[in-house]
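Engineer: Dropping a structure here in structure tokens format, bear with me for questions.
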Amino acid sequence: MKQNLSIKSWWGAPRKFTTEKEERKISWLELFYDLVYVIAISTVTHYVAEDFKTDTVLDYFYLFSIIFWGWLNGSLYHDLHGTEGLRTKLMTLWQMAIVAALVITLHSDEKDLLFNATIVLLIMQVYITYIWWSVGFYDKAHRRLNLPYTFLYLISFGLIFSTLFLEQPYMRIIYYISLVLNYIPPFISNVLLKNKSMELNLSSSMMERLGLFTIIIFGEVVLGLINGIIGFHHLSLEIWIEFILAICIVFMLWWLFFTMISDKECKNGFVISSLFEILFIPTLMGLGLLAASFSVLFRNFSKPEISMAWSLPCYRFSIGLFILGICAMMGFIKYSAEVNWFKNRARLSLFITGVLLMIFAFLPIEIPLLYQLLIVLLLIVTVILYLNDIWYRRLRIK
């Protein structure tokens, strides 16, 4: 008996779903796990930057969403069922290897890229299906809850497998159907949770993980900006000013996100938590597209012979998308009654700003890059100053 207990402790079966857990800090293993996703996001960002067209953007959305799906499932599994045993460490290592393999396939020759990437995606699909199925194997109380995951993920696997025998545009349609199926299970499991009178909320550690993932994408934006600037052999004063304006825009976006979203709690409820997580996809895609457009915009703006029609509206559109994403996410955050008045004004201000940037993105006007950056920066700074003014004015009145 003692030997069996020792083996269980050493191997570390998944923590039971019903086990109460204390607030915890993010482990070094989780941070190590996130590093692989830095590379994956960087790869798909450069993929869209090098060849920006409709098909590429559609592929970028799929790849970004499936990478985020993989990261989210691995992170949630660790948060809900992770232990200090060897099994959790091996499960994390195996998923890191799969994501690294996906990055390698994205650098394949064009004729082999689709096949190689599909094979790795099939492996990822099977693996994530297994980790949720295995929880039910160890914890009988969890079996009914993980059925939607196992069933729909297996259907998604079958659809992805079928693309090996299809041609475009049918392949892309099937890929997107499988992607939707991968995000449906939480909403079905929510019904089962209600039947069991249970509630699953987003933990503070997962909120922290989502913040760390956002930091990863912000790092890509800075890298895209740097790659765009270092393409110049002669750094003039104008280029330095453009660099300063662009880095200020990135900092202001960082301020908006981590002031409005980070260090907050998500509202209670599994559906609300799942919708909140999904909102990270368009929000962070905005940052990813900003990184891609920055890497091309600065490098080629002074070269009229190079077609860069996409990068001019793209960087303004991506900023607007990111800000609108923050606005939407604020609706899922807990705010005290005393702060609700501020939240409503902040959301309205961010919504107007995001829409204005979207409109500005597609206006048929030619403005020097320096003035474009200045206009965008002033618009964001105006919103931040307005929000600070109404916040501290209210405090002074009290």
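Engineer: Against the definition (at pLDDT below 75, more than 20 Å from the chain's Cα centre (by Cα), crowded, with 18+ Cβ neighbours inside 10 Å and closer than 27 Å to P186 by Cβ), how does R24 come out, yes or no?
Structural biologist: no
Engineer: Can you tell me which residue in region 372-388 is least open to solvent (accessible area, probe 1.4 Å), limited to those that are farther than 13 Å from I249 by Cα and out of contact with any helix residue (DSSP H, G or I) (no Cβ under 7 Å at 6 or more places or on another chain)?
Structural biologist: It comes out as N388.
Engineer: One residue is enough: does region 60-76 have a residue meeting the conditions crowded, with 18+ Cβ neighbours inside 10 Å and at pLDDT below 80?
Structural biologist: Among the residues of region 60-76, not one is crowded, with 18+ Cβ neighbours inside 10 Å and at pLDDT below 80, which makes the answer no.
Engineer: Could you tell me which residue of region 158-176 is modelled with the lowest pLDDT, considering only residues that are open to solvent by 80 Å² or more (accessible area, probe 1.4 Å) and in a helix (DSSP H, G or I)?
Structural biologist: By that ranking, first place goes to Y170.
Engineer: A further question follows. Any idea which residue in region 190-235 is modelled with the lowest pLDDT, counting only those that are assigned to a loop (DSSP other than H, G, I, E, B) and open to solvent by less than 40 Å² (accessible area, probe 1.4 Å)?
Structural biologist: Once the filter is applied, the top-ranked residue is G231.
Engineer: Does region 100-115 hold any residues that are part of a helix (DSSP H, G or I) and out of contact with any Asp or Glu (no Cβ under 9 Å at 6 or more places or on another chain), and which are they?
Structural biologist: Hits for region 100-115 are A100, A101, L102, V103, I104, E110, K111, D112, L113, L114, F115.
Engineer: Continuing with the same structure: E277 is checked against (1) at pLDDT 90 or above; (2) surrounded by fewer than 19 Cβ atoms within 10 Å (Cβ to Cβ) and fails just one. What number does that condition carry?
Structural biologist: (2)
Engineer: Of all residues being open to solvent by 30 Å² or more (accessible area, probe 1.4 Å), assigned to a helix (DSSP H, G or I) and touching a residue at least 60 places away in the same chain (Cβ under 8 Å) in region 81-99, which is farthest from S203 (Cα to Cα)? Just the residue, please.
Structural biologist: The qualifying residue farthest from S203 (Cα to Cα) is L86.
Engineer: Still on this structure, I have one more. Could you list, in sequence order, all residues of region 100-113 that are among the aliphatic types (A, V, I, L, M) and in contact (Cβ under 8 Å) with a residue 24 or more places away in the chain?
Structural biologist: A100, L102, V103, L106 - these are the residues of region 100-113 that are among the aliphatic types (A, V, I, L, M) and in contact (Cβ under 8 Å) with a residue 24 or more places away in the chain.
Engineer: Take the residues in region 285-339 that are in contact with a Phe, Trp or Tyr (Cβ under 6 Å, 6 or more places away or on another chain) and open to solvent by 10 Å² or more (accessible area, probe 1.4 Å); name whichever of them is modelled with the highest pLDDT.
Structural biologist: Selected residue: C327.
Engineer: Can you find, within region 340-371, the residue that is farthest from I247 (Cα to Cα) among those that are among the aromatic types (F, W, Y) and open to solvent by less than 90 Å² (accessible area, probe 1.4 Å)?
Structural biologist: W341
Engineer: On the basis of being open to solvent by 60 Å² or more (accessible area, probe 1.4 Å), under 28 Å from V38 (Cα atoms) and either acidic (D, E) or touching a strand residue (DSSP E or B) at 6+ places or on another chain (Cβ under 8 Å) (or both), does E110 make the cut?
Structural biologist: Against the criterion (open to solvent by 60 Å² or more (accessible area, probe 1.4 Å), under 28 Å from V38 (Cα atoms) and either acidic (D, E) or touching a strand residue (DSSP E or B) at 6+ places or on another chain (Cβ under 8 Å) (or both)), E110 qualifies.
Engineer: Then there's this: Kindly indicate whether E242 is more than 19 Å from the chain's Cα centre (by Cα), modelled with pLDDT under 90 and more than 30 Å from L374 (Cβ to Cβ).
Structural biologist: When the stated conditions are applied, E242 does not pass them.
The values are calculated or read from the model by the stated rules, or taken from the named source; none is laboratory data. Being a predicted model, the structure only gives us computed values, none of them experimental. Here Cβ is always computed from backbone atoms with ideal geometry, including for glycine, and neighbour counts include all displayed protein chains. Side chains are part of the model used for accessible areas, which takes the heavy atoms of the whole protein and leaves out ligands, DNA and RNA. Shrake-Rupley method; radii C 1.70, N 1.55, O 1.52, S 1.80 Å.
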